[in-house]
């Protein structure tokens, strides 16, 4: 029983010891006490068999406990990994938007100062300060969420105001956006609203970085079972340095992890780069999107 139950000892060794024990019992009775007969042999062999069975049961129990511990550790690791990915996604969105916008503003301020347009440079500096303050507040919120994660709760939020603010910020940085809204916006689960806002933020940041001063077409399509975001930007005449690709990856992760599912498709076609992000608002829509 001890040999078979011990996980660091090969199970065959315990079985061999049990088999040798049966041979010794039967041989000992036959040689030393033949008068005990077959019943004694069977009884003692049965006792050894019970020990073997008990060893296998204990071994299986220990293996099961080890497997359960392994599963628990894997779940903890998965939660920690998901938390790190979420934090990296939030910080990327915040930094790409705020620092990218600051770079644009500082370049513009430098050009305005060289041209002697002091008042316009001062206006740009004010916008840069406001952008930096918003970026710092968003970064603090992300860090606070990591240090003291809030309990999960379901609230509905209308993302329209946040989207409008991002559009105004893009225009203040010298960009132009043609906006089209199909359907009436409404409050949606907070996760969906956040995904839509972050997708707009990332798309406009990419437009400023890869196609500065190019017109951006942004459309939001509201339906009963889904909301679809499309952002289209002309491809630059000259190839632009590629980034790390974390923005689009984070966008896909956000939409795919939504309660009812979602998807993101991005790519170049006919001289334009288009991002299409769709979030399901009902289970039926999610199933349809999955097919």
Can you tell me which of 114, 73, 67, 80 is under 26 Å from the mean Cα position of the chain (by Cα) and over 24 Å from residue 253 (Cα atoms)?
67
What pairs come out if I take residues in the range 121-135 that are within 17 Å of residue 166 (Cα to Cα) and pair them with residues that are buried (at least 18 other Cβ atoms within 10 Å of the Cβ) and at pLDDT 80 or above whose C-beta lies under 9 Å away, six or more apart or interchain?
124/109; 127/169; 128/109; 130/169; 131/169; 134/169
For the range 155-204, give me each residue that is under 19 Å from the mean Cα position of the chain (by Cα) and without any contact (Cβ under 8 Å) to a residue 60 or more places away in the chain.
190, 193, 197, 200
Regarding the range 283-291, can at least one residue be identified that is surrounded by 20 or more Cβ atoms within 10 Å (Cβ to Cβ) and modelled with pLDDT of 80 or more?
no
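One line per residue, one yes/no per condition, for (1) closer than 30 Å to residue 257 by Cβ; (2) loosely packed, with under 13 Cβ neighbours inside 10 Å:
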| site | (1), (2) |
| --- | --- |
| 2 | no, yes |
| 13 | no, yes |
| 20 | no, yes |
| 27 | no, yes |
| 44 | no, no |
| 54 | no, no |
| 59 | no, no |
| 70 | yes, yes |
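Let's see how each residue does on (1) assigned to a helix (DSSP H, G or I); (2) modelled with pLDDT of 65 or more; (3) within 27 Å of residue 109 (Cβ to Cβ):
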site: 129; (1), (2), (3): yes, yes, yes
site: 135; (1), (2), (3): yes, yes, yes
site: 138; (1), (2), (3): yes, yes, yes
site: 143; (1), (2), (3): yes, yes, no
site: 149; (1), (2), (3): no, no, no
site: 153; (1), (2), (3): no, no, no
site: 162; (1), (2), (3): yes, yes, yes
site: 167; (1), (2), (3): yes, yes, yes
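Conditions tested, residue by residue: (1) at pLDDT below 90; (2) part of a strand (DSSP E or B); (3) touching a helix residue (DSSP H, G or I) at 6+ places or on another chain (Cβ under 8 Å).
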site: 178; (1), (2), (3): no, yes, no
site: 196; (1), (2), (3): no, no, yes
site: 201; (1), (2), (3): yes, no, yes
site: 216; (1), (2), (3): no, yes, yes
site: 232; (1), (2), (3): no, yes, no
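The values are calculated or read from the model by the stated rules, or taken from the named source; none is laboratory data. Remember, predicted model here, so these are calculated numbers, not experimental data. So basically every Cβ, Gly included, is an ideal-geometry build from the backbone, and we count neighbours across all protein chains shown.
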